[in-house]
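Notes follow the structure.
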Amino acid sequence: MYECSKCVISPNWSVWSLGDGQPPEEIEKQIDTPPLSILLIEKPQSGSINVAFIQQNHLLYCLKGGDITFTAKVEAKDLLRKPTIKWFKGKWMDLASKTGKHLQLKESFDRFTKIHTFEMHIIKAKENYAGNYRCEVTYKDKFDSCSFDLEVKGLFSDSTRQTHNQKHQYYRSKQSMILNEIDQNTTTEKIAFMYGITDLRGLLRRLKKTKKEEKKSEAFAKRLEPAYQVDKGGKIRLVVDLADPTVELKWYKNGQEIRPTPKYIFEHKGTQRIMVINNCQINDDAAYSVSAGEEKCTTELFVKELPVNIVKHLEPVKTTVNERIELECEVSEEGAKVKWYVPTGVRSRYRVKSEGTKHWLIIDDATKDDTGTYSLMATGGTTEAKVQVERTIILLFEMLLGQPLKLNCEIYPGNIPGRWYKNGQLIQPSERLTIIHRTKNHSLDIESSTIHDAGDYTFVPEGYTQTLSAKVHIIDPPRVHLEALNVQDNTVVIVAGNKLRLEIPISGEPAPRVVWMKGERVILDSGNRVRAETFADHTCLTIDIAEREDTGNYKIVLQNEAGEDTASVKIKVVDIPDAPEAPLVTDVGGDWCTMTWEPPRYDGGSPILGYFIERKKKQSSRWMRLNFDLCKETTFEPKKMIEGVPYEVRIFAVNAIGVSKPSEPSKPFLPLAVTSEPTMLVVDDVTDTTVTMKWRPPDTIGAAGLDGYQVEYCIEGTDEWILANKELIEKTRYTITGLPVEAKLLVRVKAINAAGASPPRTTQHSILVKEVIEPPKIRIPRHLKQTFIRKVGEVVNLVVPFVGKPRPKVNWLKEGQPIDQTINIRNSDCDSIMFIRKAERKHSGKYELSVQVENHIDTATLDIQIVDLPGPPQAVKIEEVWGNNVALDWNPPKDNGNAPIIGYTIQKADKKTMEWYTCIEHYHRTCITISDLVVGNEYFFRIYSENMVGLSESATATKDSALIVKEGLQLKIPEYNDRDFTEPPIFTQPLINTFAVAGYNATLNCSVRANPRPKVIWMKNKITIIDDPRYRMFSNQGVCTLEIRKPCPFDGGVYTCKAVNDLGEAQVDCKLEVCEKSWT
């Protein structure tokens, strides 16, 4: 439920307003009711400033204004950060940009009261500072605002006041005299100097009121209307008509650009541009403008609120003095602004509240003066009700606690029943309370009175409006009610630095005198930090900032006419614990460590609940929290650290009060991890006394690196692991020697680094120390499965792997015969190597490799081909010579170099110079015709043969030469006339009207014929296209092309291609239309 805080009361008839208006000057103060605000706990109040004026040269000048401060306060108990505040003047002027000499904005925060204070200082105010101001506060989804007024009052001296009217007459006459001159294009400064006018602003304001001839707009064919009006919740259309539909259009609201949203919808209809505003609200009441290029037109939108009707009218009330009056009314709209009208009365006695559509006027203790007519006015109607308050006669009885109480009254005529009430509640007879009615006597008897029997007693006769009242006052000895504290052993615990307000209920009639004491020292109510206060039903001890020295016993002494009572309260001030000692890191892993620490020496008066742990890199200054749940123990294991990076850790102790200061950082430590276990541990070889193992390095090595491996074995039947290598080995293969024959054993390998040994990798099954026969198998490499070709003189190195156990016997044969001694053979347990240091052609052939283990044998054949350069061709001769052609013929070479002939190279040489020139290369046939020889020259020819190695070292030349004989020819030169090929430009293919799709490239094509070559010019709408990146122009063999990159509707128009040379010019036109993309 919210109650209105903007309701005020004026003499005779007062108005309570729920609107933004301010009370008139004669109103004394506002009603003290709960605020409607959700953020502001203190709002800026309206004020006024006096401004002094002086007269000089028949004009008034503002000499000096006063200062004023407006204050707004926001309570920050439930806020996580500072709220945002803005100050405005009028509707939209943000004062944050106007700060300076005369305007200052300040803010502060009180950490004890948790209140933000925002102030706006106006210094040496001027006359134009008057007006309505607004303060807006925002925090996340919460919003609050408040309006207030500033009134500027002028103070005139006697001489100034007498000539004030004369000044205006003189000034206005001066302005009217120069209006005509201004129309003659005379500058305002010159006219003002001529007539002694110094107030140019006033002169310009009057000029604005003169009618001006509006210039015809180049962008708008039809502007916005001066103003629009729409009902609240309705829809409005703002329409402008553009003279140029291609101009860019933007809409603005109060100077801010409007983007398309479901509320703001933009429409295009021909040259009309329409903005539709849906669901208009009060905040849509603003100034709107639309800009087209450099021109702008504006309008004002007024949102009209619907009238607020009264749904439930006020009802008349008839009551007695001191009763509660509540007038209720219901309207048609939630949060509507209404006005209350009340008779003259004390304003602080009235309260107004509202909830939804309901509004109440409340008077807690009615008096005779509250009688009158009350009314409520809304925009859609008025309702009123009469309130009548009658007086009652009250008798006062004062009784001692425990004494009998007897109330009697006589009613005439007799035998009229009635009822007894206490504080408005009907009294029922009980064992200690008796109600007697005898004829005209009515009595109420209480055997032993208690403090609860005090109150207002009323007797109401049936059938009569008149009542009888009496007030009973019970005198009670003082008493301190410590049980209301609800604390164990009357001990109150307070956190150091916090504020303690200890309220203890007390009783006693009359009100007792209270004295607080700590030891022999009396605590006064005027103390600064520690003070005692006493109220009607309780006493209060306040300690603003609790300290450890405030711990102790506090004594309360109560005294009144009925007696005395004392009580004691113990106050215990607790604090956060001291910082623990620096932690000790006891163990370090790859990404973890183990740390321990001792509890703090002082726990702050409250048990330690746990600890927070933080860590950071040594070179960094940023600490990171490691646990969000308290660590109950004094040990912790941080994890997820980077290996090889030094770290530091520290501790925070936590008790019920809070978190201590951090401990000193630990000594820096470096996380290092052992490697992961070696991988793929397998048996490589087994003999009668040895076992050879091989493995791969660990998958994860880490920052500590890898120093080597350690191999251990365990004979089956024992638990002892024997170290096989005394020193670390770096290789991933090791042979364990000296093993007993046919023993079974397990082998494991560990990777060793600076952090220690890794987890071992152990063989899955036991290994029998006994050599096993394995049939031989030759594994021929892929490149040896086909003919192995090498050139003469190159090195031949063939490695043929095989398997077999025990070590196989290896034998090489060449075509069934032992191999040449120039071929070196080297055999090992797993392969055989054939090595020829310098290959010769005799090494070519098929080689047979056999591998034998006992009775098992495996063979393989290798084909080796050693190639060399071929010999020259044979029998090269000239077969025929005719014209400038020569036919040659030859036979293949006798020696092809142990490789097929792949071609021939034919060369020719003039007999005079004998310089050889290549006619053709890689020729495959053995006959050829050489053409295009020079007539009169004599030629020799030679031929090289070629195989995969290269050309033969020598060539075979023809023995005879070929003479190209000259033949007698008579040349007759025909006669001809020169033809003139020059002509002006002529378009053989014109441009064609084209339709293009927006966003896709479009091309325009035409062809032109001219000599000399013409210059081609492209134009759009008669404007030459020059250096525009959106267009690309091509001209090839008389075909002219214009490419338009990703056109838009504005690229449509008439395009022209113009060709110009010295003999003339020609042009063709076409129309291009660009259509929007449509998706179907």
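The values are calculated or read from the model by the stated rules, or taken from the named source; none is laboratory data. Treat the numbers as computed from the prediction; the structure is a model and nothing was measured. Neighbour counts run over all protein chains shown; Cβ positions are idealised from the backbone, glycine included. Ligands, DNA and RNA are stripped out before the accessible areas are found, and what is left, the full protein with its side chains, is counted by its heavy atoms. Shrake-Rupley method; radii C 1.70, N 1.55, O 1.52, S 1.80 Å.
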Margin query: Can you find a residue that is open to solvent by less than 60 Å² (accessible area, probe 1.4 Å) and acidic (Asp, Glu) anywhere in region 475-490?
Written below: yes
Next item on the list: Keeping to region 740-791, report how many residues are closer than 30 Å to Val867 by Cβ, in contact with a Phe, Trp or Tyr (Cβ under 9 Å, 6 or more places away or on another chain) and of a type in the set (D, E, K, R).
Entry: 1
Item checked: Members of region 105-145 that are polar (S, T, N, Q) and touching a His at 6+ places or on another chain (Cβ under 7 Å) -> none
Next item on the list: Identify all residues within region 49-74 that are open to solvent by 30 Å² or more (accessible area, probe 1.4 Å) and modelled with pLDDT under 85; write none if there are none.
Entry: Asn50, Ala52, Ile54, Gln55, Gln56, Asn57, His58, Leu60, Tyr61, Cys62, Leu63, Lys64
Check: Where residues in region 112-123 are open to solvent by 60 Å² or more (accessible area, probe 1.4 Å) and over 30 Å from the mean Cα position of the chain (by Cα), which of them is nearest to Ile49 (Cα to Cα)?
Finding: Thr113
Next item on the list: Please verify whether region 939-950 includes one or more residues that are in contact with a Ser or Thr (Cβ under 8 Å, 6 or more places away or on another chain), buried (at least 16 other Cβ atoms within 10 Å of the Cβ) and either outside any strand (DSSP E or B) or free of Cβ contacts under 8 Å to residues at least 60 places away in the same chain (or both).
Entry: yes
Note to self: Against the condition open to solvent by 70 Å² or more (accessible area, probe 1.4 Å), touching a residue at least 60 places away in the same chain (Cβ under 8 Å) and closer than 30 Å to Gly455 by Cα, how does Leu468 come out, does it pass?
What the structure shows: yes
Notebook entry, point to check: Which residues, taken from region 998-1017, are touching a helix residue (DSSP H, G or I) at 6+ places or on another chain (Cβ under 9 Å) and either in a strand (DSSP E or B) or among the basic types (Lys, Arg) (or both)?
Noted result: Ala1002
Checklist line | Output for region 497-538, where each listed residue is at positive phi and open to solvent by 30 Å² or more (accessible area, probe 1.4 Å) | finding: Gly497, Gly519
Check: For region 553-575, how many residues are small (Gly, Ala, Ser), at pLDDT below 90 and loosely packed, with under 14 Cβ neighbours inside 10 Å?
Finding: 1
Notebook entry, point to check: Being out of contact with any Asp or Glu (no Cβ under 9 Å at 6 or more places or on another chain), at positive phi, assigned to a loop (DSSP other than H, G, I, E, B) and polar (S, T, N, Q), is that true of even one residue in region 483-496?
Noted result: yes
Next item on the list: Can you confirm whether region 551-564 contains a residue that is touching a residue at least 40 places away in the same chain (Cβ under 8 Å) and either within 30 Å of Arg419 (Cβ to Cβ) or small (Gly, Ala, Ser) (or both)?
Entry: yes
Checklist line | For Ile494: the one exception among (1) open to solvent by less than 60 Å² (accessible area, probe 1.4 Å); (2) over 30 Å from Asp550 (Cβ atoms); (3) in contact (Cβ under 8 Å) with a residue 24 or more places away in the chain; (4) not polar (S, T, N, Q) | finding: (2)
Next item on the list: Tell me, yes or no, whether region 980-989 has at least one residue that is under 30 Å from Val1054 (Cα atoms) and among the polar types (S, T, N, Q).
Entry: yes
Notebook entry, point to check: Which one of Val747, Val769, Val741, Val711 is surrounded by 15 or more Cβ atoms within 10 Å (Cβ to Cβ) and either of a type in the set (Lys, Arg) or modelled with pLDDT under 90 (or both)?
Noted result: Val769
Next item on the list: Could you list, in sequence order, all residues of region 1022-1080 that are open to solvent by 30 Å² or more (accessible area, probe 1.4 Å), polar (S, T, N, Q) and under 25 Å from Pro985 (Cα atoms)?
Entry: Thr1024, Ser1035, Asn1036, Gln1037, Gln1067
Next item on the list: Please enumerate the residues belonging to region 847-889 that are surrounded by 14 or more Cβ atoms within 10 Å (Cβ to Cβ) and closer than 17 Å to Gln817 by Cα.
Entry: Tyr847, Glu848, Leu849, Ser850, Val851, Ala860, Leu862, Asp863, Ile864
Item checked: Search result, residues across region 631-643 that are surrounded by fewer than 14 Cβ atoms within 10 Å (Cβ to Cβ) and assigned to a loop (DSSP other than H, G, I, E, B) -> Lys632, Glu633, Glu637, Lys639, Lys640, Ile642
Next item on the list: Kindly indicate whether Ile446 is open to solvent by 30 Å² or more (accessible area, probe 1.4 Å), in contact with a Pro (Cβ under 7 Å, 6 or more places away or on another chain) and closer than 30 Å to Asn322 by Cα.
Entry: no
Item checked: Unmet criterion (only one of (1) of a type in the set (A, V, I, L, M, F, W, C); (2) under 30 Å from Glu664 (Cα atoms); (3) touching a Pro at 6+ places or on another chain (Cβ under 8 Å)) for Val585 -> (3)
Checklist line | Number of positions in region 458-479 that are outside any strand (DSSP E or B) and of a type in the set (A, V, I, L, M) | finding: 0
Next item on the list: Would you mind stating whether Glu257 is acidic (Asp, Glu), open to solvent by 50 Å² or more (accessible area, probe 1.4 Å) and under 30 Å from Gly356 (Cα atoms)?
Entry: no
Checklist line | Which listed residue, of Ile930, Ile964, Ile920, is closer than 29 Å to Lys791 by Cβ and open to solvent by less than 100 Å² (accessible area, probe 1.4 Å) | finding: Ile920
Check: Say we look at region 257-277 and pick out the residues that are among the basic types (Lys, Arg) and more than 33 Å from the chain's Cα centre (by Cα); which of these is nearest to Phe220 (Cα to Cα)?
Finding: Arg273
Note to self: Go through region 704-748 and report how many residues are part of a loop (DSSP other than H, G, I, E, B) and among the aromatic types (Phe, Trp, Tyr).
What the structure shows: 1
Margin query: Can you pull out every residue in region 809-843 that is basic (Lys, Arg) and in contact (Cβ under 8 Å) with a residue 40 or more places away in the chain?
Written below: Lys809, Arg837, Lys838, Arg841
Checklist line | Residue among Arg531, Arg521, Arg501 that is in contact with a Ser or Thr (Cβ under 6 Å, 6 or more places away or on another chain) and without any contact (Cβ under 8 Å) to a residue 12 or more places away in the chain | finding: Arg531
Margin query: Give me the strands (runs of 3 or more DSSP E) completely within region 293-379, filtered to those with at least 1 residues that are within 52 Å of the chain's Cα centre (by Cα) and surrounded by 15 or more Cβ atoms within 10 Å (Cβ to Cβ), ordered by residue number.
Written below: 295-304, 310-312, 325-331, 339-342, 350-355, 358-363, 372-378
Checklist line | Among residues of region 644-677, those that are in a strand (DSSP E or B) and either among the polar types (S, T, N, Q) or surrounded by 16 or more Cβ atoms within 10 Å (Cβ to Cβ) (or both), counted | finding: 10
